[in-house]
Amino acid sequence: MYVIAGLGNPGLNYAGTRHNVGFGALDELADRYRISVDTKKHRALVGKGTIEGQKVVLVKPQTYMNLSGESIREVMDYYKLPPSQLLVIYDDINLDVGRLRIREKGSAGGHNGMKNIIARLGTDAFARIRVGVGNKPPRMDLADYVLGRFPAEELPLIREGISQAAEAAVMIAGGEMAAAMNRFNGKKKEQE
């Protein structure tokens, strides 16, 4: 069994914001594989299903971004799974919009949701897919930026990035981490 968690903030006010691309990628996976992510459990919305023969639990923490680790820890404990069976998908301001960076483990890189997950699990040894949302403009507050929505010209880029994150998640859950990294890391998006 594999846990795939997409990070974001609950509620309609946050839908479509830069900080919620993890939720977007999880929704894409759920749609593709007809998995309903609507069971309220472990302070999250959870859905169980199968992706390409692999049993998965899709998780959207409802604790708000900065406390994502509380929910994810509950899920991992409930299913008695090691961190090696976890994949987290989240936003990254240090990557161009829609660009992916996949890693088997690593630091939080300044992302508060990831800091909380690492602290709660006691390790950074779990897979992650970072989806680029672009860097904030000078003198703009970081919270205002990540809680803002994408302008129209960036929507095709982020939609493609979310779609590719879902594809990469399928590969990783199927044991193809190296192939996913080779295929998606460093891939430049073509601007129109």
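The values are calculated or read from the model by the stated rules, or taken from the named source; none is laboratory data. From a predicted model like this one, the values you see are computed outputs, not experimental measurements. Note that each Cβ is placed from the backbone with ideal geometry, even for glycine, and that neighbours are counted across all protein chains shown. Just the protein is used for accessible areas: all its heavy atoms, side chains included, with ligands, DNA and RNA removed. Shrake-Rupley method; radii C 1.70, N 1.55, O 1.52, S 1.80 Å.
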Point to revise | Subset of the stretch 72-104 that is more than 14 Å from the chain's Cα centre (by Cα) and basic (Lys, Arg) - its residue that is nearest to GLN54 (Cα to Cα) | key: LYS80
Revision key, fill the gap. Within the stretch 27-73, residues of a type in the set (Gly, Ala, Ser) and touching a Gly at 6+ places or on another chain (Cβ under 9 Å) come out as ALA30, SER36, GLY53, SER68, GLY69
Point to revise | Per-region count, the stretch 120-156, residues out of contact with any helix residue (DSSP H, G or I) (no Cβ under 6 Å at 6 or more places or on another chain) and assigned to a helix (DSSP H, G or I) | key: 9
Practice item. Of all residues in the stretch 102-112, count the ones that are in contact (Cβ under 8 Å) with a residue 24 or more places away in the chain and within 23 Å of GLU160 (Cα to Cα). Key: 3
Review point. Which number in (1) closer than 20 Å to ARG18 by Cα; (2) open to solvent by 40 Å² or more (accessible area, probe 1.4 Å); (3) at pLDDT 95 or above; (4) acidic (Asp, Glu) marks the one condition that ASP124 misses?
Key: (1)
Review point. Using beta carbons and a limit of 7 Å, which pairs, at least six apart or on different chains, have the first residue in the stretch 153-166 and under 13 Å from LEU29 (Cα atoms) and in contact (Cβ under 8 Å) with a residue 40 or more places away in the chain and the second one among the aliphatic types (A, V, I, L, M) and in a helix (DSSP H, G or I)?
Key: ILE162/VAL21; ILE162/ALA25; ALA165/ALA25; ALA166/ALA25; ALA166/LEU29
Review point. If you go through the stretch 9-26 one residue at a time, do you hit one that is among the aliphatic types (A, V, I, L, M), surrounded by fewer than 20 Cβ atoms within 10 Å (Cβ to Cβ) and over 20 Å from LEU155 (Cβ atoms)?
Key: no
Exercise for review: Evaluate the following for GLY132: is it free of Cβ contacts under 8 Å to residues at least 60 places away in the same chain, open to solvent by less than 50 Å² (accessible area, probe 1.4 Å) and of a type outside the set (A, V, I, L, M)?
Suggested key: yes
Exercise for review: Only residues in the stretch 84-101 that are touching a residue at least 24 places away in the same chain (Cβ under 8 Å) and under 19 Å from GLY122 (Cα atoms) count as the first member; pair them with residues that are charged (D, E, K, R) and open to solvent by less than 40 Å² (accessible area, probe 1.4 Å), Cβ under 6 angstrom, at least 6 apart or cross-chain, and list the lot.
Suggested key: VAL88/ARG128
